[in-house]
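Shown next, in structure tokens, is the structure this report addresses.
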Amino acid sequence: MFNRRSEQITKRLMLSMLIIIISFLSISIPLIINSFFEYQKTQRTLMEINSLSIVADLANKISRERGPSNVAMSSAAKDKQKNIQELVKYRQTVDSQIEFTLNTFQRTGATTLADELKLHVVPSLIQGRQAVDQYLSMQQNQRNAHDYDHAIQSMFSAWDQAYSLLKNVVMQAKNKQGDVANYYTLTLVLADLRDQAGRVASNIMAYVSYQQPLPSNNIAQALQTQKQVNYLWYLVNAIQFENYKTPEFEQRYQLVKTQFIDQGIPIIIQLIDENNRGVSYHLTGVELSYAVSDKFSTVIDLQKYLLNQSIEVAQKQAFKAQQKLILVSLISMISLFAALFTMIYAQKRVFSPLIHARDKILELIQHYDIDTEKEQKLMTSHSLNEAVDRLSNMLNQRAEFEFQLKNMANTDSLTGVSNRLALENYLDTMAINPSQFLQLGLIMVDIDNFKTVNDHYGHIVGDCVIEQVANTVQRSVKNADLIVRFGGDEFLVLVQGQPLAQLLTLAEQIRFAIAALKISIPDTDKSIHISVSLGVAVGASSWNELFMQADQSLFRAKAQGKNVVHG
């Protein structure tokens, strides 16, 4: 009888240890799966950034083809054949890039983008080239400035289709988050800047080549393009994250200003002025092409630098995600083996000796003249209750520890608000019913000039600023579903069921409250004031779309001078 009871207790103890192992697996396996999905997401981000770089290169090459086209169409008779050969050679470069881009789309499964390239970009480019070739085939005495300008405009249409393809690459990207998010916008802005740079000269190229007066429409387009170039140049600096404004970025950014805006555009302005004064142009069409073409390279160099930088950022994210996956998997395996070893050790070294001692006690009880069966039941009941109590205490401690771990994992240690993991859990819940995003409002809060605070006063004051901002946001927002510290100096406020007008009012309250803060500098009698810029968006079909809307609003707020709410 004693042996049968001992076997039952042993089985129950083994079952209890098995429950503990299953509980551990229920924690570790989701962590491994989550790390794996995160790693996959970073790999997709890297693939999308590479595709973006390839299409941006294609758009630049198509835009740049106007250069050799203009030179060939402006050539004197003695240089015509040589310049046409240069144009043919450059077209082969563009065609190779088109084929490479198409293969990349097909390899990555981007069938809609591949179709757009084949059905829109390529036919438009062919049409533009046909217009150029038709002009080149004309006899010298048959040519005129109007036909020349028409050929130029046809090449503009080809680039417009390429730019549309580039925008669709950005729109179809599914991982426009984190540190790589702003590179998508920067790529579009710089592609537009590169094309606008080419249009500045192309708008007047035909009439300068023929030494004819400029049509008022072409003059207006040239001047409007000049303003657009200046705006886009400024916007690049406004969009780029402060922590990624490296010395190399600053140098390339300034080169666009000094070499193109300050040196290239004045050439166009001088030609327009000569037209207005009725004097002969000081440059021919070929001379104009050569005078400004080398100035465009600064824009392309800046774009290539930023794209390379974005690829490096994406590669670092992928490497970190891979390290996290390996670390989580390794720790889980070690912990599992440790648990198995503990179970086996406990069975042999702890439970078996205790059960053996218990059986010996029951055997001794039988020698006394008492109700042995009743005493045995009492002893059995007492021993089992004690085991259950101990197991219950262990499970309660484990549950409390798991709760503490989960709370720590979902809370930002500096500010006490939620962190990105909490945001991911919240979005996972929302994703069960995606229609909830239509009622979700998002306020994106970004501390203005935070890098300056860190540089001048140190990270201790910087941390104090972040804490004060977080506390102020919490005090200002009572009905938020979630307040998240999203980045170093960026917070997200998620509110369900509020219209845009109320969220804008709430954002203004936050901005006003933070602007009123007076933050003391330790060990001094000085204090500083800070401000924030806020982007607001309400309702979208998905989180990514809602995030992009708020992010764009924040960019506009920053561009308007900061300390601004935009929605």
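Could you work out the relative contact order of the stretch 33-324, using alpha carbon pairs under 8 angstrom and six or more residues apart, expressed as a whole percent?
Numbers: 304 pairs, mean separation 80.7, N = 292.
Once normalised by length, the contact order is 28 percent.
Roughly how tilted is helix 459-476, in degrees to the nearest 10 and between 0 and 90, from the longest Cα axis of the chain? The answer is roughly 80 degrees. Here, P(r) means the percent of Cα pairs in each 10 Å bin from 0 to the largest distance; for the chain it is 3, 13, 18, 18, 14, 11, 8, 5, 3, 2, 2, 1, 0, 0. For the stretch 33-324, the spread of Cα positions along the three principal axes, ordered from largest to smallest, is 73, 37, 29 Å. Remark: the stretch 285-296, residue by residue, has Karplus-estimated 3J(HN,Hα) of x, 5, 5, 5, 4, 5, 5, 9, 4, 5, 6, 5 Hz, where x stands for each Gly or Pro and the curve is 6.51 cos²θ - 1.76 cosθ + 1.60 at θ = phi - 60°. If you take the Cα centroid of the stretch 109-174 and the Cα centroid of the stretch 480-533, the two points sit 47 Å apart. In a DSSP loop and with at most 15 other Cβ atoms within 10 Å, there are no trypsin sites (Lys or Arg not before Pro) in the stretch 40-110.
Here the contact order of the stretch 437-567, divided by its residue count and restricted to Cα pairs under 8 Å and six or more residues apart, works out to 34 percent.
Taking the C-alpha atoms only, the angle from helix 2-64 to the longest principal axis of the chain is near 0 degrees.
Short to long, the 5 Å bins of the Cα pair-distance histogram for the stretch 137-207 hold 3, 13, 20, 16, 13, 11, 8, 6, 4, 3, 1, 0 percent of all pairs.
By the beta-carbon count within 10 Å of each Cβ, the least crowded to most crowded order of 319, 260, fewest first, is 319, 260.
For the chain, what is the mean residue ellipticity at 222 nm derived from helices alone (per DSSP H run of n ≥ 4: -39500 (n - 2.57); sum divided by total residues; nearest 500 deg cm²/dmol)? List each step's numbers first, then the result.
On the way: 18 runs with 415 residues, N = 567.
Computed ellipticity for the chain at 222 nm equals -25500 deg cm²/dmol.
Across the stretch 216-223, coupling constants 3J(HN,Hα) worked out from phi with the 6.51/-1.76/1.60 Karplus curve, θ = phi - 60°, read 4, 5, 5, 4, 4, 5, 5, 5 Hz, and Gly and Pro carry x. The relative contact order of the stretch 150-259, computed from alpha carbon pairs under 8 Å that lie at least 6 residues apart in sequence, is 28 percent. Counting beta carbons within 10 Å around each of 294, 149, 195 and listing the fewest first gives the order 294, 149, 195. Taken over the C-alpha atoms, the stretch 420-566 has Rg and Dmax values of 15.6, 53 angstrom. With only Cα atoms counted, the stretch 175-328 has Rg and Dmax values of 19.8, 76 Å.
Coordinate-derived values only; no laboratory data. This is a predicted model, so every value here is computed, not measured. Note that each Cβ is placed from the backbone with ideal geometry, even for glycine, and that neighbours are counted across all protein chains shown.
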